[in-house]
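Chemist: This is the structure I have questions about; it appears just below.
The values are calculated or read from the model by the stated rules, or taken from the named source; none is laboratory data. Here the structure is a predicted model, which means the values were calculated and not measured. Virtual Cβ from ideal backbone geometry, glycine too; neighbours counted across all protein chains shown. With ligands, DNA and RNA removed, areas are computed over all heavy atoms of the protein, side chains included. Shrake-Rupley method; radii C 1.70, N 1.55, O 1.52, S 1.80 Å.
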Amino acid sequence: MIPRSTIERIRSAADIVDVISEFVSLRKAGTSYKGLCPFHDDTTPSFSVSPSRGLYKCFACGEGGDVVRFIMQHEQISYVEALKYLGKKYGIEVEERELTDEERQTESERESMYVVNEWACNYFHDILLSNPDGQAIGLAYFRSRGFRDDIVEKFRLGFCLSQHDAMSKAALKAGYNDKYLQQTGLSYKNDAGQLKDKYWGRVIFPWIGVNGKVVGFGGRVLDARTKGVSQKYINSPESIIYSKGKLLYGLFQAKKAISREDNVYMVEGYTDVLSMHQCGIENVVANSGTALSEDQIRLLHRFTPNITFLYDGDKAGIKAAMRGIDMVLKHDMRIKIVLFPDGDDPDSFARKHNATEFKEYVDSHKVDFIQFMTDILHEEAGDDPMKRADMIKSITKTISVIPSEIDRATYAHVCGERLHVDEAILLRQINRYRKEARDERDRQKRLREQSEGNQLGANSSDEQPGAVNSDGGSSGDGSSNVEATAKGMNGRQLSNEEARFINLERMIMMLLVRFGEKQYSFDDGTGKAVRMSLIDYVSQNLKNDNLTFYSPLYRKMLNELVSAEKPVNFMASTFLLSSPDGEMSCEVSELLTERYKLSQDTQKTLSEENMSAEYISHLMMDYKYCFVDAQLADILKEIAKPEVQQDFAKTCELIKRQGELTKIRKTLAFYLGERIT
């Protein structure tokens, strides 16, 4: 367990803009910063970071919280692991008690795999530099390719000895579990049950995630053994920390340069990346010969909207450039394409030229995707009119995926001029493709909704979700998000009364988050003024009437606030934001960032200088009034059921309860100044 004092030191030291900038390209926007959200498919900057509040918020997907929450969500690690990550970044020693044997066994598999990979990366690198075979074989290979020692260090390159179990034996001797050696793909067991090295005799290219952790490895068989070898390169298997389709080789080393240059060069292989870094160009990543995936494009788009494909000039290079265009354009990225002279690739070309010459070649030979596609397809079509028609359809279909109407019109104009086709005809064809795509999306959406509806119907009970019980509890799951007022819990449409009830509860929690620790003078019911914190007042007020919050999340948040130790500098918002409960910290950021536009009067009321005990007391009474209304509505529905009407005792019980609630409702209405007929 990490002491609260250490947690506060880490939170105070961690600059949220500095931390998030390592993963997202942020641009200043007034007093805040904006960028593309890393938690969903974001095409317009909806991700906001407030340095003054120490919060981030996506106003599209709703994800938000403080700097610890960001690391937890982005890296999919625990609260303690996120604190350790930030502590290491800011040089703060995280004091944690020694784990018991049982706790050590239950450490997350993810962290165990990271630890094993880090050890293996250091092992391979040390073998390359210090072992005689590593120097004679592995290091000699890298030097034969012209790579300097600083590039070897920068990318932590390594070598795995030719003995089939040297690395595995070293790992076991160092105390690492063979379970994680196999899960990371570093080792495997043969038919005899012996642990063997996967990468024996290969040079090693570590895959380093955006967070700087080693997530996997690529191993290349050396030139003398490539003949007849089916797999020149092998990579780590898919796992909870490594997914090749979601990663890009070299992104960790390139991310700052990509943001600085506002452009990324996309190449195919490991050595392309290394050679370009060596000639002074650092904003380069590789997809390692696989087709670009949507996850990879979203990852890049967080750093820049501009991408330049650098491929060989042969047929394979042209095919590689063509296959990623539609997907990249769909994500509103701008594409340039450069083909190198036949026989050259980025690796060989970079080794022959310095950075200035390389950039001059790229600048003078880069073309946009329209020019590239028209040139390539025109060459293939020749004078055949049907092939020419197919070519035009192919290009217009590609243009149709571009989100921006202005960009689509511009490309249609350029395409019309290059192909000598009426621009209006191209635009009609583009719109036809867009309509077909929209219709297909709508069809898929209907199928999903129908499937979800059937599933909901199968899982739902006879009792209406969200109904308030007479004991002050609730049946079904409540929602803490105000968006629930539109659709209701579990998709049910809420009545106006229910929506108002949920909104009031949310308003109370907003006050608790913002002003919970502040002291106010409240009437104790006898005319005497009692000074207490807002947290204590709301808690006691609900307890006196045997009420609890409708929302499970809000109940949990209030309980946390009530039971928390409260030093002199205690703040409800800071306390809840630092909770290891991700759902809780996310909701706090929601309540602090005012995602939902409040009226001018409400904003004024919720300011610290205008907050008053009278306002809070009135809000609590209004909440109880709505609570009683909800119970009365449920009783009326219950009485209307035929099986209840046949049960005389049950009907009498409900009518009696209805009378009691009606009296309470009238009393509350009197204090609220309402007239009941």
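Chemist: Looking only at residues that are part of a loop (DSSP other than H, G, I, E, B) and open to solvent by less than 20 Å² (accessible area, probe 1.4 Å) in the range 280-292, which one is modelled with the lowest pLDDT?
Modeler: Per the stated criteria, the residue is Leu292.
Chemist: Quick one: in the range 377-390, of everything that is open to solvent by 30 Å² or more (accessible area, probe 1.4 Å) and modelled with pLDDT under 80, which residue is farthest from the chain's Cα centre (by Cα)?
Modeler: Here the residue is Asp383.
Chemist: Evaluate the range 203-217: report whether one residue or more is under 19 Å from Ser288 (Cβ atoms), modelled with pLDDT of 90 or more and assigned to a loop (DSSP other than H, G, I, E, B).
Modeler: no
Chemist: Testing Thr44 on (1) open to solvent by 20 Å² or more (accessible area, probe 1.4 Å); (2) more than 15 Å from Leu26 (Cβ to Cβ), one condition comes back false. Which one is that?
Modeler: (2)
Chemist: Here is a follow-up. Please find, among Gln464, Gln429, the residue that is touching a Ser or Thr at 6+ places or on another chain (Cβ under 9 Å) and at pLDDT 90 or above.
Modeler: From the options Gln464, Gln429, the qualifying one is Gln429.
Chemist: What pairs come up if the first residue lies in the range 83-96 and is of a type in the set (Asp, Glu), the second is modelled with pLDDT under 80, and their beta carbons are under 6 Å apart, counting only those six or more places apart or on different chains?
Modeler: Close Cβ pairs satisfying both conditions: Glu95/Thr6; Glu96/Ile2.
Chemist: Something else now. What number of residues in the range 182-204 are of a type outside the set (A, V, I, L, M, F, W, C), open to solvent by less than 30 Å² (accessible area, probe 1.4 Å) and in contact with a helix residue (DSSP H, G or I) (Cβ under 9 Å, 6 or more places away or on another chain)?
Modeler: 6
Chemist: Could I ask something else about it? Given the residues Asp332, Asp342, Asp383, which is the only one that is farther than 30 Å from Phe205 by Cα, in a loop (DSSP other than H, G, I, E, B) and in contact (Cβ under 8 Å) with a residue 24 or more places away in the chain?
Modeler: Asp332
Chemist: Would you point out the residue of the range 260-275, among those that are in a helix (DSSP H, G or I) and open to solvent by 40 Å² or more (accessible area, probe 1.4 Å), that is modelled with the lowest pLDDT?
Modeler: Only one residue fits best here, namely Arg260.
Chemist: Restricting to the range 552-586, name every residue that is modelled with pLDDT under 80 and within 26 Å of Cys58 (Cβ to Cβ).
Modeler: Thr574, Leu577, Ser578, Ser579, Pro580, Asp581, Gly582, Glu583, Met584, Ser585, Cys586
Chemist: Follow-up question, since we're still on this one. Any idea which residue in the range 144-159 is nearest to Glu282 (Cα to Cα), counting only those that are at pLDDT below 95 and in contact with an Asp or Glu (Cβ under 9 Å, 6 or more places away or on another chain)?
Modeler: Only one residue tops the list, namely Arg145.
Chemist: Are any of the residues in the range 103-113 touching a Phe, Trp or Tyr at 6+ places or on another chain (Cβ under 8 Å), under 15 Å from Asn211 (Cβ atoms), modelled with pLDDT under 80 and not polar (S, T, N, Q)?
Modeler: no
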